[in-house]
1. Considering only residues that are modelled with pLDDT under 90, basic (Lys, Arg) and more than 23 Å from residue 374 (Cα to Cα), which ones fall in segment 277-308?
2. Can you pull out every residue in segment 259-286 that is over 27 Å from the mean Cα position of the chain (by Cα) and part of a helix (DSSP H, G or I)?
3. Looking for something at pLDDT below 95 and of a type in the set (S, T, N, Q) - is there at least one such residue anywhere in segment 332-340?
4. Of these, 344, 352, which one is over 14 Å from the mean Cα position of the chain (by Cα), open to solvent by 10 Å² or more (accessible area, probe 1.4 Å) and within 24 Å of residue 95 (Cα to Cα)?
5. Can you tell me which residues in segment 309-325 are outside any loop (DSSP other than H, G, I, E, B), among the hydroxyl-bearing types (Ser, Thr, Tyr) and either within 14 Å of residue 276 (Cβ to Cβ) or modelled with pLDDT under 75 (or both)?
6. Check segment 255-269 and report whether any residue there is within 13 Å of residue 202 (Cβ to Cβ) and surrounded by 15 or more Cβ atoms within 10 Å (Cβ to Cβ).
7. Is there a residue being of a type in the set (Val, Ile, Thr), within 30 Å of residue 111 (Cβ to Cβ) and open to solvent by 20 Å² or more (accessible area, probe 1.4 Å) anywhere in segment 278-294?
8. Within segment 358-372, is there a residue that is farther than 30 Å from residue 324 by Cβ, touching a residue at least 24 places away in the same chain (Cβ under 8 Å), assigned to a helix (DSSP H, G or I) and touching an Asp or Glu at 6+ places or on another chain (Cβ under 6 Å)?
Amino acid sequence: MSSLPMLAGFDRSRWTALVDWLAVGVAVSLPWSTTATDVLVVAWFVAVLPTLELPALRRELSTAAAYLPVLLWLLAAIGMLWADVNWAERLSGLNKFHRLLFIPPLLLHFQKSERGIWVLWGFLASTSSLLLVSWASLLIPALASRENVVGVPVKEYISQSAEFVVCAFALLGWACEAARHWRWRLALGLVVAALLFLADILFVVTSRAALLVVVVLLLFLAWREFRWRGLVGAFVLGCVAAAAIWSASPYLRDRLTTSVAELKAYREENAVNSTGLHLEFLRKSLTFVGAAPLFGHGTGSIPKQFRQSAVGDAGASSVTWGTPHDQILGVAVQIGLIGAVVLLAMWVAHFLLFTGNGLMALIGAIVVAHNVVSSFFDLYLFAFVPGWLYVFGVGVVGGMVLRQRDIASTKAARPPQVS
């Protein structure tokens, strides 16, 4: 059996094109609408099932990049059995892991499809339009939505920063590729576009985690493209740029000085503020892991752990809600260090998928590096926009990279033609 029998009677090429267009729809809707993305994601999954070739799917699931996300989901599903919470909370906890199941079919589909680039173009175009609206709402305050802060027309600033950072560094990577081929006008245009994304983060609205992610990705890109010379150049350029941005961005200065003041208030008074709560949640999460290190407290147990830990406390310690604000701890609290090891192994496997040369491999590596670094500050795999950004980024770009490798190996295996 080459594929699932549901495809009988359908034009395979048209059905495959429908699957591709639904993926483009997910990419376009992701920056703007949670509801539309949910509908399109489900539609994509239903549409792709009839196209999957079972032998190819089995081969795909034998690779670490495909089976480790599934293994992590299985551990979370089993983890519901020992969670001391009601089934609604257990299922709510498992829901955060469901999107990992999309990675194998995405890899397999876009290893065969020629239209993966459409998904990337769709996401870039949609995020660029969001960038324009963000700048417009800053320059023309009347355009800003009453429900959102200035510069964040939809959703919230953490999701927007994640999208802008990934687009900025993908464009910078493309600029490096263009410069390598002496296409200087294209390279300059790409750098300008990337700087517009970064300027929005630095001057309009940002998450504090995004600032560190920008620094890490800058060093990563410099190392990947130019090795030690790139690292030194990026460090020097970064120091100069940081000094200039600090002088020119009142927003950034206020953001960082407020964080320092909040940290001092938390240490001295156990005050309830954003920075203090992040540290308090981290401290408590480490305690939760220490209490059940191997298998965790069960899937969906995080809310109950925070409720119980707040009994009888005061200040920041009395807050009854919270998350670990760290992806590794977010997994370890629920399914223990075993789950955390699988999560780390999944990140490594996905990063190794993109160790080759070429622009697609670079973009994939940027997506993985962004998620890994960001996940030290929040549950980025469990969050809606960053989570789907990672899943579709790894799945679509990973499939494109595998397709390129298949084509290259096929050409290499062909016998030389005799003239």
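1. If the condition is that a residue be modelled with pLDDT under 90, basic (Lys, Arg) and more than 23 Å from residue 374 (Cα to Cα), then 307 is the only one that fits.
2. 260, 261, 262, 263, 264, 265, 266, 267, 268, 269
3. Looking for residues that are at pLDDT below 95 and of a type in the set (S, T, N, Q), one finds none in segment 332-340, hence no.
4. Being over 14 Å from the mean Cα position of the chain (by Cα), open to solvent by 10 Å² or more (accessible area, probe 1.4 Å) and within 24 Å of residue 95 (Cα to Cα) holds for just one of 344, 352, which is 344.
5. 317, 318
6. So far as segment 255-269 goes, yes, one or more of its residues are within 13 Å of residue 202 (Cβ to Cβ) and surrounded by 15 or more Cβ atoms within 10 Å (Cβ to Cβ).
7. no
8. For segment 358-372, residues farther than 30 Å from residue 324 by Cβ, touching a residue at least 24 places away in the same chain (Cβ under 8 Å), assigned to a helix (DSSP H, G or I) and touching an Asp or Glu at 6+ places or on another chain (Cβ under 6 Å): present.
The values are calculated or read from the model by the stated rules, or taken from the named source; none is laboratory data. This is a predicted model, so every value here is computed, not measured. Cβ sites come from the backbone with ideal geometry, for glycine too, and all protein chains shown count toward neighbours. What goes into the accessible areas is simple: the full protein's heavy atoms, side chains included, and nothing from ligands, DNA or RNA. Shrake-Rupley method; radii C 1.70, N 1.55, O 1.52, S 1.80 Å.
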